[in-house]
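The values are calculated or read from the model by the stated rules, or taken from the named source; none is laboratory data. Source: prediction; values computed, not measured. Cβ placement follows ideal geometry from the backbone for every residue including glycine, while neighbour counts extend to all protein chains displayed. Just so you know, the surface numbers come from the protein's heavy atoms only, side chains and all, with ligands and any DNA or RNA stripped out. Shrake-Rupley method; radii C 1.70, N 1.55, O 1.52, S 1.80 Å.
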Amino acid sequence: MTGTTTAEVMAELAALEDPRVRQVNEKHGDDHGVNLGKLRALAKRLKTQQELARELWETGDTAAKLLALLICRPKAFDREELDRMVREARTPKVHDWLVNYVVKKNPHAEELRLAWSADPDPVVASAGWALTTERVAKKPEGLDLTRLLDVIEAEMKAAPERLQWAMNHCLAQIGIEHAEHRARAIAIGERLEVLKDYPTPPNCTSPFAPVWIAEMVRRQV
């Protein structure tokens with residue numbers, strides 16, 4: 001479907017709009033009504049189209065932004081472009097897909113990680129922490145894990161929700177992946193009690209870090 005215009009794609013997205021899907025998504029802060037399976041099917045038909053992706057992003061429409069992230073070329077964005085995009089990605093799903101599907105695959109990921117982690121905007125900072133969590137798991141060389149735990153211990157309890165979630169994920173990942181820091185990670189989680197009472201469906205792991213760490217370590221044995 002190369003040569004497809006933005007207007008044609010927007011019309012197709014409008015046709016996929018489902019009020020029931022929108023109702024569910026809006027409970028999670030995502031203002032769109034397109035089933036994600038159908039969105040992915042559309043992306044598969046469109047294939048990679050970087051310019052179309054840029055145009056879809058610029059519409060400001062959440063479903064269009066999600067589609068843009070599926071058909072873009074992650075390595076084609078420069079640092080300034082990604083920095084602007086993360087500040088425009090205000091809904092959770094767009095923010096999550098941008099970081100995981102695009103930024104993590106971009107050559108500027110590490111410099112953005114450092115810049116975003118220190119950003120005063122908590123949503124932008126949460127993107128920096130998400131990239132840090134990725135490094136904790138896959139490329140910990142050069143990371144000061146003790147200092148990360150110091151920051152988490154001092155700041156996570158009072159952090160805004162999105163930033164708190166990202167810091168908690170990093171705390172759990174340190175405990176899961178690095179046995180020498182596990183006892184401290186668990187102790188921090190137990191003392192701060194962040195997400196301790198989070199409602200967790202049956203057969204799902206609690207996001208409360210001590211429980212999360214224990215379950216993931218058990219599975220590694």
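Cα-based radius of gyration for region 52-157, normalised by 2.2 N^0.38 Å, reads 1.10. When nucleic acids and ligands are ignored and a 1.4 Å probe is applied, THR200 ends up with an accessible area of around 50 Å².
Taking the 1.4 Å solvent-accessible surface of the chain as the whole, the part contributed by carbon and sulfur is 53%. Rounded to whole numbers, the Karplus 3J(HN,Hα) couplings from phi for region 109-119 are 4, 5, 5, 5, 4, 5, 5, 5, 4, 9, 6 Hz, using 6.51 cos²θ - 1.76 cosθ + 1.60 with θ = phi - 60°, and x at Gly and Pro. Extents of region 120-221, taken as max minus min of Cα coordinates on every principal axis and listed largest first, are 36, 31, 21 Å. For GluC sites (Glu not before Pro), the sites in region 122-171 that DSSP calls loop and that have at most 16 other Cβ atoms within 10 Å are GLU141. Hydrodynamic radius of the chain by the Kirkwood approach over all distinct alpha-carbon pairs: 18.7 Å.
In order along region 92-98, the phi-based Karplus estimate (6.51 cos²θ - 1.76 cosθ + 1.60, θ = phi - 60°) of 3J(HN,Hα) comes to x, 5, 4, 4, 5, 5, 4 Hz; Gly and Pro are listed as x. Could you tell me the center-to-center distance, by alpha carbons, between region 64-93 and region 95-124 in angstrom? So the separation of the two Cα centres works out to 10 Å. Within the listed set THR48, THR146, THR91, the residue fluctuating most in the Gaussian network model of the chain (springs between alpha-carbon atoms under 10 angstrom) is THR146. In the full protein context, the chain carries 52 Å² of accessible surface per residue, based on a 1.4 Å probe and ignoring ligands, DNA and RNA. Of all lysines in the structure, the ones whose alpha carbon falls short of 25 Å from that of LYS157, not counting any fewer than 8 places away in one chain, are LYS27, LYS93, LYS196. Ranking LEU36, LEU69 by solvent-accessible area of protein heavy atoms (1.4 Å probe, all protein chains present), from largest to smallest, gives LEU36, LEU69. Ranked from largest to smallest solvent-accessible area, with a 1.4 Å probe on the protein heavy atoms, HIS28, HIS108, HIS95 come out as HIS28, HIS108, HIS95.
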